[in-house]
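What follows is calculated from the coordinates using simple rules that are stated; it is not laboratory data. All values derive from a computational prediction rather than experimental measurement. Neighbour counts are summed over all protein chains in view; Cβ atoms, including those assigned to glycine, are modelled from backbone coordinates with ideal geometry.
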Amino acid sequence: MEKLKNMNKTTRRNFLTYAFVIAAYIILQLWAGAGMKSSLRGMLVSICAYVVMAVSLNLTVGVLGELSLGHAGFMSVGAFTGVTAAVALQNAVASAPLRLAIAMVVGAIFAAIIGFLIGIPVLRLNGDYLAIVTLAFGEIIKTIFNNLYVGLDAKGFHISLLEDRTQLLEGGKLIIAGPMGIGGIQKIASFTGGAILVLLCLVVIFNLVNSRAGRAIMALRDNRIAAESVGISVTKYKMMAFVTSAAMAGAAGALFALNYSTIVANKFDFNTSILVLVFVVLGGLGNMFGSIVAAAALTILPEALRGSDKYRMLIYAVVLILVMLGTNSPRVRGFLEKLLPRRGGKKEGV
Amino acid sequence: MKRMKKTLALLLAAVLCLGALAACGDSGSSGATANTTSGGTDTGSAGGNPVFKLGGTGPLTGGAAIYGNAVYNAAQIAVEEINALDGVHFELKFEDDQHDAEKAVNAYNALKDWGMQVSISSVTSKPAEATSVEAYNDRVFSITPSASSTATTEGKDNVFQMCFIDPAQGTMAAQTIARLNLSNKVAVIWKNDDVYSAGIHETFLTEAAAQGIEVVSDTTFADGSDTDFSVQIADAQAKGAELVFLPMYYQPASLIFAQARAAGYAPVWFGVDGMDGILTLEGFDTSLAENVYLLTPFNAWGTDARNVSFVEKYQQRFGDVPNQFAADSYDCVYALKQALDAAGCTPDMSNADICSAMLAQFTSMTFDGLTGTGATWDGATGRVSKNPLVVVIRDGIYVAAD
C-alpha cells in the first residue's frame with residue numbers, strides 16, 4: 001500500500017485500472033456461475049468486445065487527437081477474417097480457446113494491414129477531413145464484405161466478388177456468403193477470452209502512451225507544428241497509433257463475431273462507429289478507465305431498460321444527454337469531489 | 001451551498017421525470033402485452049386451463065418495424081381469441097430486437113429469464129438464425145412466422161417455419177411465370193445486400209433457365225442506393241424485357257413502379273411475398289400496382305369466414321389491413337395451440353419435455369390456417385409444405401390469378 005502511494009500518478013492510475021478489470025472479471029465470473037440472469041450473462045462477451053473497441057478508439061481520438069468515424073470498419077475486417085480463420089481451423093485445432101486466440105490474432109493482423117493501407121492516404125489529412133474520409137472508409141468496408149464470397153474446399157480458399165463464382169468441390173463450405181454474411185458460426189468466444197483481451201489491450205495502450213513514442217504522439221496532438229519542428233516524424237507516430245488502434249479493433253471484431261452464430265456486414269455500419277465514439281466521449285478523451293465504464297454501462301443500459309418497453313430508446317437518449325451534461329458541468333464535478341473527499345485533495349486540475 | 005442545493009434539486013427532478021417515464025412505459029407495455037394475458041390468466045386459472053408462456057422477438061422499432069409490429073399485433077389477436085376458448089391458454093411477451101442479431105439474442109435471454117416455454121422465434125431472418133441456435137441449446141420449441149432463410153432451421157430439430165423458405169419462392173416464381181405463360185424475356189431487379197432478395201434471386205435464375213425463360217437484364221441496388229432506379233429500369237427497357245421480377249420488399253418496389261411509369265415503361269410486374277403490403281403503403285397510388293402479380297400465402301380480401309373475421313378484428317384494433325406477416329403469425333399461435341392441445345402438455349413440464357412432445361405433433365399433424373390449408377411440416381428440415389397463392393392486383397385488391 002505504501003508503495004502504491006509512492007508511485008507516480010499515472011502508474012498508480014494504470015494499476016488501479018488493471019485491478020478494476022481483474023476484480024470485475026472475478027466477480028462477474030463467480031456470479032455467472034451462481035444464478036446470474038441469462039440476459040446479463042449473454043452480454044458479457046459483447047461488453048468485452050465493446051470495451052476493447054472503446055479503448056482502442058480512445059487511442060486514436062483521445063491520445064492521437066484525430067476523429068475517426070470508421071472504427072467499426074476495422075471491427076468488421078477483424079470479424080470476417082477472424083471467423084474465416086476459426087472455421088478453416090475447425091478440424092485442425094481441436095481446442096476452442098486456442099482457436100479463439102488464433103482468430104483474434106488473425107483478425108488483429110488483417111485489421112492492422114488494412115489500417116496501414118488506409119492510414120497512408122488518410123493520415124495526410126487533419127480534423128474534419130480525416131473524419132469524413134474514415135467515415136467513407138467504413139462504408140467501403142461494409143460494401144466490400146456485402147459483395148464478397150469466400151469458400152473453402154480441399155483445394156484451399158476460393159474468393160470471388162459480386163457473385164458467387166467459387167465453384168466449391170464436394171464437401172466444400174461457403175464461409176462468407178455476400179449479403180448473407182457468415183452463418184452457422186460455432187460460438188467459441190468466452191468471457192475469459194474477452195477479459196484477457198481487454199487486459200492485453202490496456203497493457204499495450206498504457207505502455208505505448210507512457211513511452212517515448214507515446215509522448216511523441218501526444219505532442220503531435222497538442223501542437224503538430226511545434227512537434228514537427230523538434231524533429232518528430234508526423235507520419236510515423238500517427239501511423240503507429242492508428243495501426244495499433246486498428247489491430248485492437250480487429251481482435252475485438254473477431255471476439256464479437258464468435259459470440260454469435262451469425263454475422264452480417266451491415267452490423268458494422270456507421271451507427272456502430274458512432275456508438276463506440278459515444279463510449280469514448282462519455283468516458284472522457286484519453287481516459288481509458290472512463291471508456292471501460294462507459295462501454296459497459298451503455299451496453300447494459302438498453303437491456304436493463306427493457307422493462308419500460310416503448311419508451312426504452314427515449315430514456316436511453318435522455319440518459320445519454322444527462323450524463324454528457326452532468327460530466328461536463330463543473331458543479332457536478334465539484335459535487336462528486338465533495339462526495340469523494342479522499343480523492344478531492346489529490347485531484348489534479350482539469 | 002445554495003448552488004449545490006439547486007443542482008441536487010435539478011438532479012432529483014430529472015430522476016423523478018425518468019421514473020415517471022419508466023412507469024408510463026411499464027403500464028403502456030403491460031397494456032399492450034399483458035392485457036390479453038392477465039385476462040387470460042384469470043379465466044385460465046378459474047377454468048383450470050393450462051397457461052403457457054409464449055415468447056417472441058421482432059423489430060418493433062427501426063427500419064423493419066412494420067414487420068415486427070404486424071407479427072406482434074396478430075399474435076395478440078390470436079392469443080386473445082385462444083384465451084377465450086377451451087384448451088391451452090397463452091401468456092404472450094414480445095421483445096424488440098431492432099432487426100439485429102446481437103439485440104435479438106439479448107431479447108431472447110430476457111424472455112428466457114421471464115420463463116418462456118414455447119416461442120414464435122424471431123420475425124426477420126438474421127435475428128432468427130441467432131436466436132434459433134439459443135432456442136436449440138435451451139430446447140425451447142420454436143416456430144417462426146416469417147424468418148424465411150434456410151439457415152434459420154438448418155441443423156435445429158426444434159425450430160420450424162410457417163413461411164416458405166426464400167429459395168422455394170424463387171423456384172415457385174419462375175414456375176408460375178412459365179405456367180401462366182406471362183413472358184419469356186424477363187428482367188430482374190434485386191437488392192444485393194439483403195439476404196431475402198439474394199436468396200430468391202439465386203434460385204429464380206436457376207429455375208428460369210430450366211423453364212426456358214430468358215433473363216435479359218439483371219440489375220441490383222443496395223441499402224442507401226434504394227431511391228433512384230432509373231438505371232435499372234432503363235436497362236430492362238433497353239433490353240426489351242416484357243416482365244420484371246422484383247424479389248424485394250414493397251417500399252423499393254413502390255418507387256420502381258412510379259419511376260417506370262414516368263419513364264413510359266409498362267412491363268408485367270411480378271413480385272414475391274415481400275410485395276404483400278404495397279396496397280396499404282401510406283401515400284401510395286394503388287393504380288401504380290394495377291396488374292402486379294405476386295406470390296403470397298395470404299389474401300386479405302379472401303372471402304373465407306375466418307379470414308374475414310381476422311381482417312376485421314385487425315382493422316378495428318390497429319387500423320390497417322393485415323399483411324402476410326400478420327397472417328403467418330396468427331397461424332403460428334394457432335398451430336402451437338393445436339399441437340399443445342393434442343400432446344396434452346401441461347405448463348409444469350420442463351421445456352425439454354414440452355419440446356419433444358411438440359416435435360412429435362408437428363411432424364405428424366396437419367394444420368389449417370389463414371395462410372393455407374393442409375399445411376404439414378418436414379421434421380428433418382422444419383420447413384412447411386403448403387400451396388402458395390398466386391394473385392394479381394385488380395382495382396386495388398387481390399384476385400386469384402389462376
| message | Using a Debye calculation, one point per C-alpha and no hydration shell, please list log10 I(q)/I(0) for segment A:26-72 at q = 0.16, 0.18, 0.21 Å⁻¹ in order. | response | -0.57, -0.63, -0.71
| query | Using Cα atoms only, what is the angle between the long axis of helix B:351-362 and the major principal axis of chain B, expressed in degrees (0 to 90) to the nearest 10? | reply | 40
| Given A:Val51, B:Gly199, A:Ala19, which one lies farthest toward the positive end of the charge dipole of the protein assembly as shown, if we put +1 on the Cβ of every Lys and Arg and -1 on the Cβ of every Asp and Glu? | A:Ala19
| request: Would you mind working out the magnitude of the charge dipole of the protein assembly as shown relative to its Cα centre, with +1 at each Lys and Arg C-beta and -1 at each Asp and Glu C-beta, to the nearest 20 Debye? | output: 4820
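Given Cα pairs under 8 Å that are at least 6 residues apart, what percent is the relative contact order of segment B:167-296?
Working: 228 pairs, mean separation 32.7, N = 130.
Once normalised by length, the contact order is 25 percent.
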| request: Please find the FRET efficiency linking A:Ile144 to A:Val204, where r is the Cβ-Cβ separation and R0 is fixed at 22 Å, and quote it to the nearest 0.05. | output: 0.20
| request: Towards the positive end of the charge dipole of chain B, with charges on Cβ (+1 Lys, Arg; -1 Asp, Glu), say which of B:Cys163, B:Val321, B:Trp269 has the farthest Cα. | output: B:Val321
| If you place +1 on the Cβ of every Lys and Arg, -1 on the Cβ of every Asp and Glu, and leave all else neutral, what size is the dipole of segment B:167-296 about its Cα centre, to the nearest 20 Debye? | 400
| To the nearest 500 deg cm²/dmol, what mean residue ellipticity at 222 nm is calculated for chain B from DSSP H runs of n ≥ 4 alone, each contributing -39,500 (n - 2.57), summed and divided by the residues? | -15000 deg cm²/dmol
| said: Which log10 I(q)/I(0) values does segment A:83-218 give at q = 0.17 Å⁻¹ under the Debye formula, counting every alpha carbon as one identical point scatterer? | reply: -1.13
| field | Gyration tensor over alpha-carbon atoms, segment A:178-297, equivalent ellipsoid semi-axes in Å | value | 32, 16, 14
| said: Bins of 5 Å, beginning at zero and ending with the bin holding the largest distance: percent of Cα pairs per bin for segment A:33-136, please. | reply: 2, 11, 16, 19, 16, 13, 10, 6, 3, 1, 0
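State whether segment B:167-296 is rounded, prolate or oblate according to the following rule on the C-alpha gyration tensor (a ≥ b ≥ c being the square roots of its eigenvalues): a/c under 1.5 gives rounded; otherwise a/b larger than b/c gives prolate, and the remaining case gives oblate.
Numbers: a/c = 1.36, a/b = 1.28, b/c = 1.06.
Taking the square roots of the gyration eigenvalues as a ≥ b ≥ c, segment B:167-296 is rounded.
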| task | Could you bin all the Cα-Cα distances of the protein assembly as shown into 20 Å bins starting at 0 and give me the percent of pairs in each, rounded to whole numbers? | result | 16, 45, 32, 7, 0
| remark: Out of A:Phe145, A:Phe191, A:Phe335, a Gaussian network model of chain A with alpha-carbon springs under 10 Å gives the largest mean-square fluctuation to A:Phe335
| message | As I understand it, the value is the acute angle between the Cα axis of helix B:195-210 and the longest principal axis of the Cα atoms of chain B; what does it come to in degrees, rounded to 10? | response | 30
| task | Could you work out the per residue convex hull volume over the alpha carbons of chain B, in cubic angstrom? | result | 167
| field | Space enclosed by the convex hull of the alpha-carbon atoms of segment A:200-263, per residue, Å³ | value | 83
| Quick one: longest stretch of chain A between exposed loop GluC sites (Glu not before Pro), exposed meaning at most 12 other C-beta atoms within 10 Å and loop per DSSP? | A:171-347
| query | If one computes the Cα centroid of segment A:243-311 and of segment B:236-259, what distance in Å separates the two points? | reply | 39
| request: Rounded to whole Å and sorted largest first, list the principal axis extents of the Cα atoms in segment B:102-145. | output: 23, 19, 16
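On average, how many beta carbons from a partner chain sit within 10 Å of the beta carbon of a residue in B:97-108?
Values: counts 0, 2, 1, 4, 7, 11, 2, 2, 10, 11, 4, 3.
That works out to 5 on average.
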| field | Coordinate range along principal axes, alpha carbons of segment B:53-164, Å, largest first | value | 36, 30, 30
| remark: Note on segment A:253-301: C-alpha Rg/Rh, Kirkwood Rh, two decimals, gives 1.03
| said: I need the per residue convex hull volume for segment B:174-235, using only the alpha carbons, in cubic angstrom as a whole number. | reply: 79
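Of the trypsin sites (Lys or Arg not before Pro) in segment B:365-402, which ones lie in a loop per DSSP and count no more than 10 other C-beta atoms within 10 Å? Please report the intermediate quantities before stating the final value.
On the way: sites: B:Arg383, B:Lys386, B:Arg394; in loops: B:Arg383, B:Lys386.
Answer by residue number: there is no such site.
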| task | Express the relative contact order of chain B as a whole percentage, based on alpha carbon pairs under 8 Å and six or more residues apart in sequence. | result | 15
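Per residue of A:262-272, how many C-beta atoms from partner chains lie within 10 Å of its own C-beta, taken as a mean? Spell out each step's value before the answer.
On the way: counts 15, 5, 8, 1, 8, 4, 0, 2, 1, 1, 1.
If you average over the peptide's residues, the count of other-chain Cβ atoms is 4.
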| Crossing angle, helix B:101-114 versus chain B [Cα axis fit, 0-90 degrees, rounded to tens] | 30
| query | Can you flag which of B:Lys313/B:Lys337; A:Lys267/B:Lys126; B:Lys103/B:Lys337 are past 22 Å Cα-Cα? | reply | B:Lys103/B:Lys337
| Which one of B:Gly344, B:Leu243, B:Leu281 has its Cα pushed farthest toward the positive end of the charge dipole of chain B, where Lys and Arg give +1 and Asp and Glu give -1 at the Cβ? | B:Leu281
| With chain A treated as a Gaussian network of Cα nodes joined by springs under 10 Å, which of A:Leu30, A:Leu44, A:Leu98 yields the largest mean-square fluctuation? | A:Leu30
| request: Under a 10 Å cutoff between Cα atoms, tell me which one of B:Ser119, B:Ser149, B:Ser183 has the largest fluctuation in the Gaussian network model of chain B. | output: B:Ser183
| message | From the C-alpha coordinates alone, can you work out the Kirkwood hydrodynamic radius of chain A, in Å? | response | 21.4
